[in-house]
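The values are calculated or read from the model by the stated rules, or taken from the named source; none is laboratory data. Since we're looking at a predicted model, the values are computed, not measured. No Cβ is skipped: glycine too gets one built from the backbone with ideal geometry, and neighbour counts run over all protein chains shown.
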Amino acid sequence: MALTAAPADERRAIGFGLLGYGFMGKAHSNALHKIPYIFWPSAARPELVAIAGRTEAGVREAATRYGYQSYTTDWHDLLADERVDVFDNVGADTAHVEPTLAAIAAGKHVVCEKPLAATAADALRLYQAAETAGVKHLVCFNYRFFPAVRLAWELVHNGELGTLRQARFRYSQEWRTDVEAALPSPTGALDIIGSHAIDLARFLCGEITSVSAAISSIAPERTYRGEPAETDDTVAIVAELEDGLVATIDASLVAQGRRNHLAWELNGSNGALTWNLEEPNVLRVHRRDAGRTRGFAEVIACEEDHPLAAPWWPTGHVLGWEHGHINMLAHFCDAVANDTAIDPYGATFLDGLRVAQVSEAVEESAATGSRVAVAEIPVSPA
């Protein structure tokens, strides 16, 4: 038999325009490349249309490296391009608000890295604009899309842990330990990693209603490329959630030996769950009624019937860090193609707003030494 040309992929193309080409640019581009052949069949496939960045040499190289059709040093060009359906903002934290608002005004669906905004007021503007425009909106809290985390969500929401009685969340890294070393980012512990811990607390346990917090720094001043940087190196939070659940949430950028340690434990009336990012595929499960064998059992979450593992490999073939982004963006593409909801599994701009509101309450509590109520959930303008 002679070679036959493969049939064309006739699925709808969803054009992505990416702002930023650093660490997250690589992660998102990697995800967009893998989605078409891993999530098969599906209603649509992402297409890497254009990428924007501040430096021409850098963005030109990134366009070739990541496989984009076009590049520009002006993000406005992405919004004017009719091929771009989704504006994916992985730029610097300070570039989240204005470009994303402009993309919404241009009718683009929007993806934005966390934190959604530096203030709750700006996060509210983004949420209200996206809801009013009727576009799909996603904040990149990618750890929601690890199979073990989704399994935990299902166990909690199906009532298998009974009543939650206590919860602990922590995210620890070490890259601010040396006060003489140059910072790779101007963002402090609360926004850069604490936001992930706060979001997982909300995702798994419910809304945070009030906080008591302390923030510390190992240096009175921090700079990034000659400009002032956020000085919070550690954050410790005692949070009260709806129904009276108490959770501790902490974040540290000066935890020596911890490269990327995100961990949590949930204690309920019928059992407990614990997970950490250094063993991402393992959910440790304790059931109260296990008799003499009670204790934590290790469950590999990558089963063929798991919605986040099924598209990948046979049972027990584990996933890695990058798969959280791939699963997340595949979920977003599916929502765009089928006009389905981003939540509850994906984080919307409302979730980004809620994290910003909690973060502002944390900062106020740390500054005043008092317990602070978290702002109420706004009514959707749509």
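Anything in segment 128-173 that is over 20 Å from the mean Cα position of the chain (by Cα), assigned by TED's automatic domain parsing to the domain that holds Gly271 and part of a loop (DSSP other than H, G, I, E, B)? List them, or say none. Residues satisfying the conditions are Asn158, Gly159, Glu160, Leu161, Gly162, Thr163.
Taken over segment 55-109, the criterion of being in contact (Cβ under 8 Å) with a residue 24 or more places away in the chain and of a type in the set (S, T, N, Q) is satisfied by Asn89, Thr94, Thr100.
Conditions tested, residue by residue: (1) under 20 Å from Arg170 (Cα atoms); (2) aromatic (Phe, Trp, Tyr); (3) assigned by TED's automatic domain parsing to the domain that holds Arg45; (4) outside any helix (DSSP H, G or I).
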site: Glu303; (1), (2), (3), (4): no, no, no, yes
site: Pro307; (1), (2), (3), (4): no, no, no, yes
site: Leu329; (1), (2), (3), (4): no, no, no, no
site: Val336; (1), (2), (3), (4): no, no, no, no
site: Asp343; (1), (2), (3), (4): no, no, no, yes
site: Val355; (1), (2), (3), (4): yes, no, no, no
site: Ala361; (1), (2), (3), (4): yes, no, no, no
site: Glu364; (1), (2), (3), (4): no, no, no, no
site: Ser380; (1), (2), (3), (4): no, no, no, yes
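For (1) out of contact with any helix residue (DSSP H, G or I) (no Cβ under 7 Å at 6 or more places or on another chain); (2) modelled with pLDDT of 95 or more; (3) polar (S, T, N, Q); (4) not in a loop (DSSP other than H, G, I, E, B), each residue gets a yes or a no:
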site: Val211; (1), (2), (3), (4): no, yes, no, yes
site: Ile215; (1), (2), (3), (4): no, yes, no, yes
site: Ile218; (1), (2), (3), (4): yes, no, no, no
site: Ile249; (1), (2), (3), (4): no, yes, no, yes
site: Ala255; (1), (2), (3), (4): yes, yes, no, no
site: Arg258; (1), (2), (3), (4): yes, yes, no, no
site: Trp264; (1), (2), (3), (4): no, yes, no, yes
site: Asn267; (1), (2), (3), (4): yes, yes, yes, yes
site: Leu273; (1), (2), (3), (4): no, yes, no, yes
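Filtered by the rule that a residue be surrounded by fewer than 23 Cβ atoms within 10 Å (Cβ to Cβ) and under 14 Å from Asn270 (Cα atoms), segment 135-161 gives Leu155, Val156, His157, Asn158, Gly159, Glu160. Is it true that Ala189 is touching a strand residue (DSSP E or B) at 6+ places or on another chain (Cβ under 6 Å), modelled with pLDDT of 95 or more and hydrophobic (A, V, I, L, M, F, W, C)? Here the answer is yes, as Ala189 does meet what is asked. The set of residues from segment 66-94 being surrounded by fewer than 18 Cβ atoms within 10 Å (Cβ to Cβ) and under 24 Å from the mean Cα position of the chain (by Cα) comprises Gly67, Ala92, Thr94. Of all residues in segment 153-172, those that are touching a residue at least 24 places away in the same chain (Cβ under 8 Å) have Cβ atoms under 6 Å from Cβ atoms of residues that are of a type in the set (Asp, Glu), 6 or more apart or on another chain, in Arg168/Glu265; Arg170/Asp250.
None of Thr348, Thr274 is over 30 Å from Phe87 (Cβ atoms), polar (S, T, N, Q) and either surrounded by 14 or more Cβ atoms within 10 Å (Cβ to Cβ) or in the same structural domain as Ile249 (by TED's automatic domain parsing) (or both) except Thr274. From the list Thr340, Thr293, Thr315, exactly one residue is surrounded by fewer than 21 Cβ atoms within 10 Å (Cβ to Cβ) and within 23 Å of Arg165 (Cβ to Cβ). Which is it? Thr293 is the lone residue from the list that is surrounded by fewer than 21 Cβ atoms within 10 Å (Cβ to Cβ) and within 23 Å of Arg165 (Cβ to Cβ). When segment 335-358 is filtered for residues that are more than 29 Å from Ile208 (Cβ to Cβ) and out of contact with any strand residue (DSSP E or B) (no Cβ under 7 Å at 6 or more places or on another chain), the ones remaining, listed by number, are Asn338, Asp339.
Restricting the first member to segment 114-128 and to residues that are of a type in the set (Ser, Thr, Tyr), and the second to residues that are part of a helix (DSSP H, G or I), the beta-carbon pairs closer than 6 Å and six or more apart or on different chains are Tyr127/Phe349; Tyr127/Leu350; Tyr127/Leu353. Glu47 passes every criterion in (1) at pLDDT below 95; (2) over 26 Å from Ala356 (Cα atoms) apart from (1). Scanning segment 333-354 for residues that are in contact with a His (Cβ under 8 Å, 6 or more places away or on another chain) and either of a type outside the set (Val, Ile, Thr) or at positive phi (or both) yields Tyr345, Gly346, Phe349.
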